[in-house]
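Q: Right, I'll just put the structure down here and ask away after.
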Amino acid sequence: MQGLSVWCVRAALLYLGLGFTLGAIMLAAPALRLPLTVLRLRPVHAEILLVGWVVQLAFGVAYWILPRLRGPLARGNERLAWVALLLLNLGVLAAGLGQALAAPSWVPVAGRAAESAAALAFARHAWSRARVSSATRRD
(Lines give C-alpha, C1' and ligand atoms only; values in the text may rest on other atoms or scores of the structure.)
Protein backbone atom coordinates (compact mmCIF):
# COMPACT_ATOMS: atom_id res chain seq x y z
CA MET A 1 0.00 0.00 0.00
CA GLN A 2 1.19 3.51 -0.80
CA GLY A 3 1.57 6.30 1.78
CA LEU A 4 -1.70 8.09 1.06
CA SER A 5 -3.66 4.83 1.13
CA VAL A 6 -2.16 3.94 4.48
CA TRP A 7 -3.03 7.36 5.92
CA CYS A 8 -6.60 7.16 4.62
CA VAL A 9 -7.20 3.64 5.92
CA ARG A 10 -5.63 4.34 9.32
CA ALA A 11 -7.63 7.55 9.73
CA ALA A 12 -10.78 5.67 8.69
CA LEU A 13 -10.07 3.02 11.33
CA LEU A 14 -9.61 5.73 13.96
CA TYR A 15 -12.96 7.22 12.95
CA LEU A 16 -14.53 3.77 13.19
CA GLY A 17 -13.25 3.31 16.73
CA LEU A 18 -14.30 6.80 17.75
CA GLY A 19 -17.73 6.43 16.15
CA PHE A 20 -18.41 3.11 17.85
CA THR A 21 -17.25 4.54 21.17
CA LEU A 22 -19.60 7.53 20.86
CA GLY A 23 -22.42 5.21 19.86
CA ALA A 24 -21.79 2.98 22.87
CA ILE A 25 -21.75 5.99 25.21
CA MET A 26 -25.06 7.23 23.81
CA LEU A 27 -26.61 3.77 24.11
CA ALA A 28 -25.38 3.33 27.66
CA ALA A 29 -26.31 6.85 28.79
CA PRO A 30 -29.67 5.93 30.37
CA ALA A 31 -28.30 2.84 32.14
CA LEU A 32 -25.25 4.70 33.41
CA ARG A 33 -27.38 7.69 34.39
CA LEU A 34 -25.33 9.99 32.21
CA PRO A 35 -26.88 13.35 31.41
CA LEU A 36 -29.11 13.15 28.36
CA THR A 37 -27.13 16.00 26.84
CA VAL A 38 -24.77 13.23 25.70
CA LEU A 39 -27.35 12.61 22.97
CA ARG A 40 -26.19 15.87 21.39
CA LEU A 41 -23.33 13.77 20.07
CA ARG A 42 -25.65 12.13 17.54
CA PRO A 43 -24.71 14.43 14.64
CA VAL A 44 -20.98 14.04 15.24
CA HIS A 45 -21.48 10.27 15.64
CA ALA A 46 -23.22 10.05 12.27
CA GLU A 47 -20.66 12.32 10.62
CA ILE A 48 -17.75 10.32 11.95
CA LEU A 49 -19.14 6.98 10.83
CA LEU A 50 -20.70 7.95 7.51
CA VAL A 51 -18.12 10.36 6.17
CA GLY A 52 -15.05 9.85 8.33
CA TRP A 53 -15.13 6.05 8.21
CA VAL A 54 -16.88 5.10 4.98
CA VAL A 55 -15.81 7.86 2.58
CA GLN A 56 -12.25 8.00 3.84
CA LEU A 57 -11.92 4.22 3.56
CA ALA A 58 -13.25 4.45 0.00
CA PHE A 59 -10.68 7.16 -0.82
CA GLY A 60 -7.85 5.01 0.54
CA VAL A 61 -8.92 1.84 -1.24
CA ALA A 62 -9.58 3.68 -4.51
CA TYR A 63 -6.17 5.35 -4.39
CA TRP A 64 -4.53 1.98 -3.82
CA ILE A 65 -6.53 -0.10 -6.30
CA LEU A 66 -7.01 2.15 -9.33
CA PRO A 67 -4.60 1.37 -12.18
CA ARG A 68 -1.36 3.29 -12.33
CA LEU A 69 -0.48 5.49 -15.27
CA ARG A 70 2.84 5.40 -17.08
CA GLY A 71 5.57 7.87 -16.34
CA PRO A 72 6.44 10.05 -13.36
CA LEU A 73 2.80 10.68 -12.45
CA ALA A 74 1.98 6.98 -12.14
CA ARG A 75 -0.65 7.67 -9.49
CA GLY A 76 -1.95 10.84 -11.09
CA ASN A 77 -1.77 14.23 -9.41
CA GLU A 78 -0.98 13.03 -5.91
CA ARG A 79 -1.30 16.55 -4.48
CA LEU A 80 -5.01 16.52 -5.28
CA ALA A 81 -5.44 13.28 -3.35
CA TRP A 82 -3.64 14.75 -0.31
CA VAL A 83 -5.79 17.89 -0.55
CA ALA A 84 -8.87 15.64 -0.64
CA LEU A 85 -7.69 13.83 2.51
CA LEU A 86 -7.08 17.12 4.33
CA LEU A 87 -10.39 18.68 3.24
CA LEU A 88 -12.35 15.57 4.15
CA ASN A 89 -10.97 15.49 7.68
CA LEU A 90 -11.49 19.22 8.20
CA GLY A 91 -15.02 18.82 6.88
CA VAL A 92 -15.84 15.94 9.22
CA LEU A 93 -14.63 17.90 12.22
CA ALA A 94 -16.38 21.14 11.24
CA ALA A 95 -19.69 19.55 10.22
CA GLY A 96 -19.89 17.10 13.11
CA LEU A 97 -18.63 19.26 15.93
CA GLY A 98 -20.35 22.34 14.55
CA GLN A 99 -23.73 20.63 14.88
CA ALA A 100 -22.99 18.93 18.19
CA LEU A 101 -21.65 22.07 19.88
CA ALA A 102 -24.34 24.36 18.46
CA ALA A 103 -21.73 26.46 16.68
CA PRO A 104 -22.79 29.25 14.35
CA SER A 105 -24.63 27.89 11.32
CA TRP A 106 -21.76 28.67 8.97
CA VAL A 107 -19.49 26.12 10.69
CA PRO A 108 -21.39 22.97 9.60
CA VAL A 109 -22.00 24.56 6.20
CA ALA A 110 -18.26 25.15 5.83
CA GLY A 111 -17.69 21.54 6.86
CA ARG A 112 -20.06 20.28 4.19
CA ALA A 113 -18.39 22.55 1.64
CA ALA A 114 -14.99 21.10 2.61
CA GLU A 115 -16.35 17.56 2.26
CA SER A 116 -17.78 18.41 -1.16
CA ALA A 117 -14.50 19.96 -2.25
CA ALA A 118 -12.71 16.83 -1.03
CA ALA A 119 -14.97 14.64 -3.16
CA LEU A 120 -14.36 16.84 -6.20
CA ALA A 121 -10.59 16.89 -5.63
CA PHE A 122 -10.44 13.13 -5.28
CA ALA A 123 -12.65 12.60 -8.32
CA ARG A 124 -10.40 14.89 -10.34
CA HIS A 125 -7.37 12.96 -9.12
CA ALA A 126 -8.86 9.54 -9.91
CA TRP A 127 -10.51 10.45 -13.24
CA SER A 128 -7.50 9.68 -15.42
CA ARG A 129 -6.82 6.44 -13.57
CA ALA A 130 -10.37 5.11 -13.90
CA ARG A 131 -10.15 3.72 -17.39
CA VAL A 132 -10.77 0.50 -19.24
CA SER A 133 -7.73 -1.72 -19.24
CA SER A 134 -6.46 -2.70 -22.67
CA ALA A 135 -6.37 -6.33 -21.49
CA THR A 136 -10.10 -6.39 -20.76
CA ARG A 137 -11.30 -4.08 -23.52
CA ARG A 138 -13.87 -5.52 -25.94
CA ASP A 139 -14.22 -3.79 -29.27
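Q: Looking only at the stretch 101-118, which residues are modelled with pLDDT of 90 or more and assigned to a loop (DSSP other than H, G, I, E, B)?
A: P104
Q: If the requirement is being in contact (Cβ under 8 Å) with a residue 60 or more places away in the chain, open to solvent by 20 Å² or more (accessible area, probe 1.4 Å) and touching a Ser or Thr at 6+ places or on another chain (Cβ under 9 Å), which of these qualifies: W64, W82? Write out each step before concluding.
A: Numbers: W82 fails: touching a Ser or Thr at 6+ places or on another chain (Cβ under 9 Å).
That would be W64, the only listed residue that is in contact (Cβ under 8 Å) with a residue 60 or more places away in the chain, open to solvent by 20 Å² or more (accessible area, probe 1.4 Å) and touching a Ser or Thr at 6+ places or on another chain (Cβ under 9 Å).
Q: Within the stretch 43-57, which residues are of a type outside the set (V, I, T) and either open to solvent by 70 Å² or more (accessible area, probe 1.4 Å) or over 11 Å from the mean Cα position of the chain (by Cα) (or both)? Before the answer, list the steps.
A: In the first step, residues of the stretch 43-57 are kept if they are of a type outside the set (V, I, T); the result is 43, 45-47, 49-50, 52-53, 56-57.
Passing the criteria: P43, H45, A46, L50.
Q: For the stretch 119-139, enumerate the residues that are out of contact with any Leu (no Cβ under 8 Å at 6 or more places or on another chain), assigned to a loop (DSSP other than H, G, I, E, B) and either surrounded by 11 or more Cβ atoms within 10 Å (Cβ to Cβ) or modelled with pLDDT of 80 or more (or both).
A: R131
Q: Turning to a different aspect of this structure: How many residues are open to solvent by less than 20 Å² (accessible area, probe 1.4 Å) and within 14 Å of L50 (Cα to Cα) when one looks only at the stretch 93-110?
A: The total comes to 2.
Q: Which one is modelled with the lowest pLDDT among residues in the stretch 4-42 that are among the β-branched types (V, I, T), over 17 Å from A58 (Cα atoms) and surrounded by 13 or more Cβ atoms within 10 Å (Cβ to Cβ)?
A: If we filter the stretch 4-42 for residues that are among the β-branched types (V, I, T), which is where we start, we get 6, 9, 21, 25, 37-38.
Checking the rest, the ones that are also over 17 Å from A58 (Cα atoms) come to 21, 25, 37-38.
This time we only want the ones that are surrounded by 13 or more Cβ atoms within 10 Å (Cβ to Cβ), so: 25, 38.
Working: I25: 93, V38: 88.
Ranking the qualifying residues of the stretch 4-42, first place goes to V38.
The values are calculated or read from the model by the stated rules, or taken from the named source; none is laboratory data. The structure presented is a predicted model; accordingly, all values stated were derived computationally and were not measured. Note that each Cβ is placed from the backbone with ideal geometry, even for glycine, and that neighbours are counted across all protein chains shown. Protein only, heavy atoms only, side chains kept; ligands, DNA and RNA dropped before computing areas. Shrake-Rupley method; radii C 1.70, N 1.55, O 1.52, S 1.80 Å.
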